[in-house]
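**Q** The structure follows.
Read the figures in this text as sums done on the coordinates, not as results from a lab. Remember, predicted model here, so these are calculated numbers, not experimental data. Glycine also receives a Cβ, built like all others from the backbone with ideal geometry; neighbour counts cover every protein chain displayed.
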Amino acid sequence: MKIKNKKPWLAYILVLRFPLILKKSTLMVWGDTIYYEGEEKVIGHLLEHEKTHIKQSRGSKWIGLIWWLRYCCSKRFRLKQELEAYRVQYKASGDPRVLMKIAQDLSGQLYGNVCSYEEAVKMIKD
Ligand SMILES: [Zn+2]
């Protein structure tokens, strides 16, 4: 796993679908690399979230391209992938306050409003 502080070219295509992806604080994964342009150090449980996406795309840039394609096209696929990552993140945090924040994120604009906040809380906890 690598961490780079500059978004890859793929982000400039994905931004057409996910406008928030180019925000400095938004992390993204492609292949075995986590891309993050924020100033602060990546928090441990956030890192676990991103590592889950690396596993989902087998740490491969080619599989990662297909993963991103499905992620863009299918709301159901996107929710499934994010839910797995958020469950790992929540467990890793061991902090109930994290649940509120990540449920807001999962149900928010970043992922194209894939579910409601209440659904997100329930699904992440399950
Ligand atoms: Zn994610």
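**Q** Which whole-number percent gives the relative contact order of the range 69-115, counting Cα pairs below 8 Å spaced six or more residues apart? Show your work: numbers first, answer last.
**A** Values: 24 pairs, mean separation 14.9, N = 47.
For the range 69-115, the relative contact order is 32 percent.
**Q** Give me the dipole magnitude in Debye, nearest 20, for the chain about the Cα centre, with unit charges on the beta carbon: positive for Lys and Arg, negative for Asp and Glu. Mind dumping the intermediate values first?
**A** Numbers: 23 positive and 13 negative charges, 77 e Å.
My answer is approximately 380 debye.
**Q** What is the Cα convex hull volume of the range 2-125 when expressed per residue in Å³? Working shown, then result.
**A** Numbers: hull volume 11.5 nm³, N = 124.
Roughly 93 Å³ of hull volume per residue.
**Q** Among 70-78, 84-92, how do they line up by average Cβ neighbours within 10 Å per residue, starting with the highest?
**A** On the way: 70-78: 14.6, 84-92: 19.1.
So the peptides 70-78, 84-92, ranked by packing, come out 84-92, 70-78.
**Q** Arrange the following residues from fewest to most other Cβ atoms within 10 Å of their Cβ: Lys101, Lys7. Write out the running numbers ahead of the final one.
**A** Working: Lys101 13, Lys7 21.
So the residues, fewest neighbours to most, are Lys101, Lys7.
**Q** Quick one: which of Lys80/Lys125; Lys2/Lys51; Lys51/Lys122 span more than 20 angstrom between C-alpha atoms? Before the final figure, lay out the partial values.
**A** Working: Lys80/Lys125 14 Å; Lys2/Lys51 10 Å; Lys51/Lys122 23 Å.
Over 20 Å Cα-Cα: Lys51/Lys122.
**Q** For Lys6, which aspartates and glutamates qualify as cross-link partners when the Cα separation must be under 15 Å and same-chain residues fewer than eight apart are set aside?
**A** Asp32, Glu37, Glu39, Glu40
**Q** Defining a contact as two alpha carbons under 8 Å apart and six or more residues distant in sequence, what relative contact order in percent does the chain show? Working shown, then result.
**A** On the way: 163 pairs, mean separation 25.9, N = 126.
Dividing the mean separation by the residue count of the chain yields 21 percent.
**Q** Sticking with this structure for a sec: Fewest Cβ neighbours within 10 Å first, please rank Met28, Met123, Met1 accordingly.
**A** Numbers: Met28 20, Met123 17, Met1 12.
Final ranking by Cβ density, sparse to dense: Met1, Met123, Met28.
**Q** Quick one: Karplus J couplings for the range 4-10, per residue in order, coefficients 6.51, -1.76, 1.60, θ = phi - 60°, nearest Hz, x for Gly and Pro?
**A** Values, residue by residue: 10, 9, 9, 5, x, 4, 4 Hz.
**Q** Select from the range 2-53 those chymotrypsin sites (Phe, Trp or Tyr not before Pro) which occupy a DSSP coil region and have at most 12 other Cβ atoms within 10 Å, ordered by residue number.
**A** On the way: sites: Trp9, Tyr12, Trp30, Tyr35, Tyr36; in loops: Trp9, Tyr36.
Filter output for the range 2-53: Trp9.
**Q** From the convex hull of the Cα coordinates of the range 22-64, what is the mean projected area in square nanometres?
**A** Reported value for the Cα convex hull: 2.9 nm².
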